[in-house]
Amino acid sequence: MINTLLLDAAFSKPTERPPVWMMRQAGRFMPQYWEIKNKYSFLEMCKTPEIAADVTMLPVDLLDVDAAILFSDILVTAEAMGGDLSFTQGIGPKFANPVRTLADIEKLETEVGDKLQYVADAIKVIQQRLNGKIPLIGFAGAPFTVMSYLVEGGSSKDFKLTKLMLHNEPGLAHRLLAKIATVTADYLNLQIAAGVNAVQIFDSWAQALSWDDYTEFSHRYITGIISKLNRKDIPVISFCKGSSVFAPLMAEAKPDVISIDWNVDLLDIKNRLPKEVAVQGNLDPHILYADKKVIKERIYRLFERMRGENGFIFNLGHGIMPDIPFDNVKYAVEVVKEFRY
Ligand code: CP3
């Protein structure tokens, strides 16, 4: 591979500057994304390897980032298990058959590798296009976050039904989480076998959980998934909103990298983690709405803080919002790439 910055930083080796990629880099803030999106539905895009590859390559070609991330969604596992998934513009994901009873859970399938073969096919097309230039990151949703979509039937503000299941029917919740975790570990291994160079686990909504509930209903399953991965030289990145609180616990699941949100001083949290665990983050995505001089100042402030640290990947604390100006995102990548330790 020509540019190994991301892999080096993930394994806490020295790099000349921090590598840069951004969560949701393959998305709606790019006019070129809309040219494709206007022709196909989101799920068609995910399921057609050539189109998924086209979208994956947009930020590689237009932003010159140091890593590509597979164009897909965390909910494709839940769909393969039997969730009747649709995406509606402006509304987001919906499951027409929410999972709320033991009977609903028992119906979910766990042998779904064949149904997700399109992801392996997309990975192969993307790797041909990347031709060894930069690493490709694969990903999956963490069991708690995926469970929340299945139980609520879509996005939620307060996760009321999901938490009610955790609290009133923990046995049911564990049955569901265990099934999702089995599928997730197999799915990440399918991506690794198809050729991804790193994987990220997204537990986007873990922030909603108390420490005890996070430990019992999320951390436990992520630990199991990570222990089952055919990792060899594939770094594992663990992301959650709430990582500024949960990071020390997340480290016990043995990821190589923890992605940190913006509520915390990055160096401070790194110093509280085992030495071999790298960090990714942690610019507030809203900074990318601001003036360029502010963008540069805030990125440099973060870099000055992290100077001398191995094991640092530049990213946002969460995904790029769709209405962030493309020009600002491009500028931020340039600022990172001209920096030297
Ligand atoms: O990062 C990337 O660019 C790779 C692609 C990617 C998408 N979704 C594409 C997408 C990744 C890594 C995801 C992960 C994902 N999906 C997460 C975890 C990341 C996070 O933000 O915390 C979550 C929670 C989802 C579930 C999901 N998918 C929601 C809630 C929505 C609708 C809300 C929204 O932001 O639009 C989606 C749709 C989705 N996933 C889009 C894209 C580009 C928008 C589809 C469209 O064009 O309308």
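Rule-based calculations on the coordinates, nothing more; no lab input. None of the values given here were measured: they were computed from a predicted structure. Cβ sites come from the backbone with ideal geometry, for glycine too, and all protein chains shown count toward neighbours.
The one condition from (1) away from the ligand (no atom under 12 Å from the Cβ); (2) part of a loop (DSSP other than H, G, I, E, B); (3) of a type in the set (S, T, N, Q); (4) under 26 Å from Gly319 (Cα atoms) that Gln127 does not meet is (2).
Restricting attention to the range 278-306, the residues being touching a residue at least 40 places away in the same chain (Cβ under 8 Å) and more than 14 Å from Val329 (Cβ to Cβ) number 5.
Of all residues in the range 80-105, those being touching a helix residue (DSSP H, G or I) at 6+ places or on another chain (Cβ under 8 Å) and assigned to a helix (DSSP H, G or I) number 3. Go through the range 295-334 and give me each residue that's of a type in the set (D, E, K, R) and in contact with a Lys or Arg (Cβ under 7 Å, 6 or more places away or on another chain). Hit for the range 295-334 is Glu309, nothing else.
May I ask you to list the residues in the range 288-341 that are more than 27 Å from Thr4 (Cβ to Cβ), outside any helix (DSSP H, G or I) and more than 16 Å from the ligand (Cβ to nearest atom)? Answer for the range 288-341, where residues must be more than 27 Å from Thr4 (Cβ to Cβ), outside any helix (DSSP H, G or I) and more than 16 Å from the ligand (Cβ to nearest atom): Ala290, Asp291, Pro325. Here Ala173 does not qualify as in contact (Cβ under 8 Å) with a residue 60 or more places away in the chain, in contact with a helix residue (DSSP H, G or I) (Cβ under 6 Å, 6 or more places away or on another chain) and hydrophobic (A, V, I, L, M, F, W, C). Candidates Ile105, Ile69, Ile51: the one that is within 10 Å of the ligand (Cβ to nearest atom) and either aliphatic (A, V, I, L, M) or surrounded by fewer than 16 Cβ atoms within 10 Å (Cβ to Cβ) (or both) is Ile69. Residues that are surrounded by fewer than 24 Cβ atoms within 10 Å (Cβ to Cβ) and either within 16 Å of the chain's Cα centre (by Cα) or small (Gly, Ala, Ser) (or both) within the range 124-135 comprise just one, Gly132. Scanning the range 262-287 for residues that are more than 16 Å from the ligand (Cβ to nearest atom) and in a loop (DSSP other than H, G, I, E, B) turns up Val264, Asp265, Arg272, Leu273, Pro274, Lys275, Glu276, Val277. Number of residues in the range 1-48 that are more than 10 Å from the ligand (Cβ to nearest atom), surrounded by fewer than 17 Cβ atoms within 10 Å (Cβ to Cβ), basic (Lys, Arg) and within 30 Å of Phe303 (Cα to Cα): the value is 1.
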